[in-house]
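Since every read-out is calculated from the coordinates, none of them should be taken as a lab result. This structure is a prediction, so every number in the text was calculated from the model and none was measured. Reconstructed Cβ throughout: ideal geometry from the backbone, glycine too, with neighbour counts over all protein chains shown.
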Amino acid sequence: MEDYSLILNAGQKKFDFFQKSPLKFFVKSILAGIYLGVAMSLSLALGGIVASVDANLAKIAFSMFFGLTFVLIIYLNGELFTGNCLTTIFPVYAKKQKSHCLIKMWSSCLIGNSLGVSIYGILFVKSRALETIVFPYIANLVVAKQSFTLESLVIKSILCNFIVCIATYVALKIEDDLAKTTIMLLVIMTFVLCGFDHCIANIGLFLMQGIIDHSALDVILVTQSISLSILGNVIGGSIVLATPLYYVLSSSRN
C-alpha cells in the first residue's frame, strides 16, 4: 500500500473506532498511559543506578529503553496522543473528517493518557521500589524540567513530537518486527537523550515528584510546562511533519 493511503487509512480507522466506541477508545488511551509509565519506571531505575557513576552515562541509560513505551503501544494497540497527531490529521487534511471531531478525539486521548500515566506513577511511587535510587533521580529531572525559557520549551516540544511521529511512520511502513522495533527504539531514544519535552511523560514525572515532595514543584512553572509541551507536541506532529508529508505523498498520487 502506498504511504499516503497507509497513513490516511490508519487515521480514518482511529476516527471510526472513536466514533463507534468512545469508551473503548478512552480505555485504550488509559492503557497507553500505563504502558508509558512502565517504560518510564525502567528508564528511571536505569538512570538512577548509573547516575551514581556518571551523569552523562545516566542520560544514555535513561533514554536507552524509553522507546519501550512505543513498542508496547504499537504491539498492544494502545492510543497515544502524541503519535496520533500524525495519523489523525491526515483525514482532516483530506477533508474526510472535521476539525471539531479531531479535537474531541485528541482530548479523549490526552485525558486518557494522562490518567493512565498518573495511575501507574502513583502506584510506582507508593511501592517505594528503588526509592533511594529513583527518587533523587526524579527530583533532578524535575529541577531541569522547571528550568526553561518559553521559546526553548516550545521548540523542544515541537522537536519531540516531530521525532515521535517519525516513529509512528516507521511503525506503519516497516513490516519486519525486528527492524521495526530496533528503529523505533533508536528514534525514541533520540528525543529522550536530547532532553526534548513529551507532554505525557512530563505529566507523569511531575505527578511522581508531587507525591514524593510537592515542595519541589512550582505550580505555575509546571502548568506552563505541561500546557506548552502539549501545544509544541501538536505543532511538531500535525504541522511540522504532517503538513509537508501530506503535501508530498498526496501530490505523488496525481
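Could you say whether any residue in the stretch 78-92 is over 22 Å from D3 (Cβ atoms), out of contact with any strand residue (DSSP E or B) (no Cβ under 8 Å at 6 or more places or on another chain) and surrounded by fewer than 20 Cβ atoms within 10 Å (Cβ to Cβ)?
no
Just a yes or no: is a residue in the stretch 170-186 buried (at least 18 other Cβ atoms within 10 Å of the Cβ), among the charged types (D, E, K, R) and in contact with a Cys (Cβ under 9 Å, 6 or more places away or on another chain)?
Looking for residues that are buried (at least 18 other Cβ atoms within 10 Å of the Cβ), among the charged types (D, E, K, R) and in contact with a Cys (Cβ under 9 Å, 6 or more places away or on another chain), one finds none in the stretch 170-186, hence no.
Within the stretch 40-75, which residues are surrounded by fewer than 21 Cβ atoms within 10 Å (Cβ to Cβ), without any contact (Cβ under 8 Å) to a residue 60 or more places away in the chain and either under 15 Å from the mean Cα position of the chain (by Cα) or under 17 Å from K180 (Cβ atoms) (or both)?
Answer for the stretch 40-75, where residues must be surrounded by fewer than 21 Cβ atoms within 10 Å (Cβ to Cβ), without any contact (Cβ under 8 Å) to a residue 60 or more places away in the chain and either under 15 Å from the mean Cα position of the chain (by Cα) or under 17 Å from K180 (Cβ atoms) (or both): L72, Y75.
Those residues that are in contact (Cβ under 8 Å) with a residue 12 or more places away in the chain and polar (S, T, N, Q), I need them from the stretch 193-237; list them, please.
N202, Q209, Q224, S225, S229, N233
Of all residues in the stretch 94-141, which are within 30 Å of S250 (Cβ to Cβ), surrounded by 18 or more Cβ atoms within 10 Å (Cβ to Cβ) and among the hydroxyl-bearing types (S, T, Y)?
S108
Kindly provide the set of residues from the stretch 190-199 that are hydrophobic (A, V, I, L, M, F, W, C) and within 18 Å of G37 (Cβ to Cβ), ordered by number.
Once the filter is applied, which keeps residues that are hydrophobic (A, V, I, L, M, F, W, C) and within 18 Å of G37 (Cβ to Cβ), the stretch 190-199 yields F191, V192, C199.
Would you mention how many residues in the stretch 2-14 are out of contact with any helix residue (DSSP H, G or I) (no Cβ under 6 Å at 6 or more places or on another chain) and either of a type in the set (S, T, Y) or part of a helix (DSSP H, G or I) (or both)?
The number of residues fulfilling the criteria is 4.
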